[in-house]
Amino acid sequence: MPTFVARVRDSQGKSRKEKIVANSLVQARTNLRDQGFVVQELKQSLGFETNFDLQKIQNSFVSVSVKDKAVFSRQFAALVNAGVAIVRGLGVLSDQCTNPKLKQALVDISTDVQSGVNLSDSMRKHPDCFDGLYVSMIQAGEVGGVLDEVLNRLAKLLEDVARLQNQIKSALAYPVVVGILATGIFVGMTVFLIPIFAKIFQDLGTELPALTQFLMTCSEILRSWRVFVVIGLIVGFTIAYKQYYKTRVGRETIDRLSLKMPLFGDLIQKSSVARFSRTFGALARSGVPILTSLEIVRDTSGNQVVANAIDAARLEIQQGGMISIALQKDKVFPPMAIQMISIGEETGELDGMLMKIADFYEDEVEQAVKALTSVLEPIMILVLGGMVGTILLAMYLPLFKVFEKLG
C-alpha cells in the first residue's frame, strides 16, 4: 500500500508531520481524522525521505510583495467585517493564496490563533511576511476592536505604496533597458566588428589614430583571458560597495549623496516624504502611540538620512517637543510639509494632515517621474547613438588616411 505524508494539527493545536499507510488519499485522510488530527496538507510520499524541509528551502527563495499583502489585507478585512471567525478566515485565505511563503505563514498563524495566541503576536513570528508596521497596526486594531477597519487602512496604505513603487520603477525601466542595450551593442561591435577592420589596417600598414588604437586594445582585452580580470574588478567593486553600504557611515554617506543627485535627488526626497506621511498617518489614525509610530516609520523610511532625522525628532518629542519643530532641525523635510504638520498639531488633526501631505507628494512624485522620463529618453538615445557613432568613427578614420595616401 502507498505511504502518505501529512501536515496535521493535534488536539493541543500544534502543527506537525505524520506518515500513514493507506489504500487511497481519502482513506488516509479519514484515518488521520479518526486519530483526532486536523489535516492541513496531505500528499503521497515519493518513496524517499530527507532530513530537511524541502518546502522551507523553496519558500526561502520566494518573497512576499507589497501587492500580496495588500490583497490579503483587503480580503481579510471583508471576511472579518462579514462576521467570519479569524481562524476560519485565515484558513480560507491560506487555501486560495498563491504565494507559498505567505500561504505557509497563514497556516502557522491560524494554528497559533486557534491555540489562544493573539493575531498580532502570531504575525510577529513571520517578519518576512509581516513587518513591524503591519504588526503594530494589527495590534492596535485588536485592542480597539476595529480590526476590519485597520485591515482596510492597511490595504489602502499598501496599495498606495505599491503604486508609488511602480511609478519609480517605470522611471528607471527605460534608462536601464537602453543602458543594457547600449552595452550589448558596444561589446558586440568591439568583439566581432573591430577585429575585421584590425586585420585590414594591419595589411595596409596604416598609422592608426589614438581612438582606433584604444578600441582595438579594448577588443583584445574582451577576446582574451584579461576580460576575467575586468569582470573580477567589477565584481570586487560591487561587493566592496555593498559592504560599505552596510556600515552606518557608508549608508549615511551614500544616502546623503543620493539626495543631492541631479534629477534623482528630488524624486528620492519626495518619495521619502510621501512614504513617511502615509505610514505615520495610518499608524496615528489606527491609535498607535506617537513614539512607537515614529520608531516604525524610521525603520521603513528607506533612507538613512531621513531615518536619522526621524529618530532625532522622536528623541526630542520624548522630552516634550513638537513634531514639526523637531523635524525642521535637520532640514531633510521640505518647508511646506513642516508647515502642514505644524497646522495638524495645532488643530488636533495630525493624521488627516499627514494623509494630505502624502497625497500631495505622491502627486509630486508622479509628475517628477513623468518629467524624469521625458528628460532621460533623449539623453539615453544620445548615449546609444554616441557609442555606436564612436565605434564607426574609430573604424573609418584610418580609411581616410589611406585615401589621402592613395590620392
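The values are calculated or read from the model by the stated rules, or taken from the named source; none is laboratory data. Just so we're clear, the structure is a prediction, and the values are computed from it rather than from any experiment. Positions of Cβ are backbone-derived with ideal geometry, glycine not excepted, and every protein chain shown enters the neighbour counts.
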Task: Conditions (1) within 27 Å of the chain's Cα centre (by Cα); (2) in a helix (DSSP H, G or I); number of the one not met by Leu315 - done: (1)
Open item on the list: Of the residues Leu384, Leu376, only one is modelled with pLDDT under 80, closer than 30 Å to Cys218 by Cβ and surrounded by 12 or more Cβ atoms within 10 Å (Cβ to Cβ); which?
Closed with: Leu376
Task: In segment 389-404, residue surrounded by the fewest Cβ atoms within 10 Å (Cβ to Cβ) [restricted to those that are of a type outside the set (A, V, I, L, M, F, W, C) and within 42 Å of the chain's Cα centre (by Cα)] - done: Gly389
Open item on the list: Kindly evaluate Ile234 against the criterion of being over 12 Å from Ile391 (Cα atoms), touching a Leu at 6+ places or on another chain (Cβ under 9 Å) and β-branched (Val, Ile, Thr).
Closed with: no
Open item on the list: Is it the case, given these coordinates, that Ser115 is among the hydroxyl-bearing types (Ser, Thr, Tyr), surrounded by fewer than 22 Cβ atoms within 10 Å (Cβ to Cβ), outside the structural domain of Gly281 (by TED's automatic domain parsing) and closer than 15 Å to Gly287 by Cβ?
Closed with: no
- [ ] Scan segment 327-338 and give yes if some residue there is in contact with a Ser or Thr (Cβ under 7 Å, 6 or more places away or on another chain), of a type outside the set (Gly, Ala, Ser) and free of Cβ contacts under 8 Å to residues at least 40 places away in the same chain, otherwise no.
- [x] yes
Open item on the list: Every residue in segment 271-326 that is farther than 23 Å from Leu158 by Cβ and hydrophobic (A, V, I, L, M, F, W, C), please.
Closed with: Leu291, Val305, Ala309, Ala312, Ala313, Leu315, Ile317, Met322, Ile323, Ile325, Ala326
Open item on the list: Being within 30 Å of Gly320 (Cβ to Cβ) and touching a helix residue (DSSP H, G or I) at 6+ places or on another chain (Cβ under 6 Å) is the requirement here; does Thr292 meet it?
Closed with: no
Task: So Ala140, is it in a helix (DSSP H, G or I), within 30 Å of Val365 (Cβ to Cβ), of a type outside the set (Ser, Thr, Tyr) and touching a helix residue (DSSP H, G or I) at 6+ places or on another chain (Cβ under 9 Å) - done: yes
TODO: Those residues that are in contact (Cβ under 8 Å) with a residue 12 or more places away in the chain and either closer than 30 Å to Ala282 by Cα or touching a strand residue (DSSP E or B) at 6+ places or on another chain (Cβ under 6 Å) (or both), I need them from segment 361-395; list them, please.
DONE: Tyr361, Glu362, Glu364, Val365, Glu366, Ala368, Val369, Leu372
- [ ] Pairs only if they're at least six apart or on different chains, beta carbon under 8 angstrom, first in segment 293-304 and on the phi < 0 side of the Ramachandran plot and β-branched (Val, Ile, Thr), second part of a loop (DSSP other than H, G, I, E, B) and surrounded by fewer than 19 Cβ atoms within 10 Å (Cβ to Cβ); list them, first residue then second.
- [x] Thr300/Asp131
TODO: May I ask you to list the residues in segment 59-114 that are of a type in the set (Gly, Ala, Ser) and part of a helix (DSSP H, G or I)?
DONE: Ser60, Ala70, Ser73, Ala77, Ala78, Gly89, Gly91, Ser94, Ala105, Ser110
Task: Total residues in segment 118-162, condition among the basic types (Lys, Arg) and at pLDDT below 80 - done: 0
TODO: Could you tell me whether segment 178-191 includes any residue that is assigned to a helix (DSSP H, G or I) and either assigned by TED's automatic domain parsing to the domain that holds Leu90 or within 26 Å of Phe276 (Cα to Cα) (or both)?
DONE: no
Task: Matching option when the condition is buried (at least 21 other Cβ atoms within 10 Å of the Cβ) and either at pLDDT below 80 or part of a loop (DSSP other than H, G, I, E, B) (or both), among Phe333, Phe280 - done: Phe333
Open item on the list: Tell me the residue from Ser224, Ser258 that is exposed (fewer than 14 other Cβ atoms within 10 Å of the Cβ), of a type in the set (Gly, Ala, Ser) and free of Cβ contacts under 8 Å to residues at least 60 places away in the same chain, please.
Closed with: Ser224
Open item on the list: Just to be sure I understand the filter: pairs with C-beta atoms under 8 Å, separated by 6 or more residues or on different chains, first member in segment 75-97 and closer than 20 Å to Arg9 by Cβ, second member outside any helix (DSSP H, G or I). Which pairs pass?
Closed with: Val92/Val84
- [ ] Could you run through segment 299-312 and say how many residues are within 24 Å of Glu349 (Cβ to Cβ) and either modelled with pLDDT of 85 or more or of a type in the set (Val, Ile, Thr) (or both)?
- [x] 4
- [ ] Would you please list the contacts, defined by Cβ atoms under 7 Å and residues six or more apart or on different chains, that run from a residue in segment 267-288 that is outside the structural domain of Met137 (by TED's automatic domain parsing) to a residue that is hydroxyl-bearing (Ser, Thr, Tyr) and assigned to a loop (DSSP other than H, G, I, E, B)?
- [x] Ser272/Ser301; Arg275/Ser301; Phe276/Ser301; Thr279/Thr300
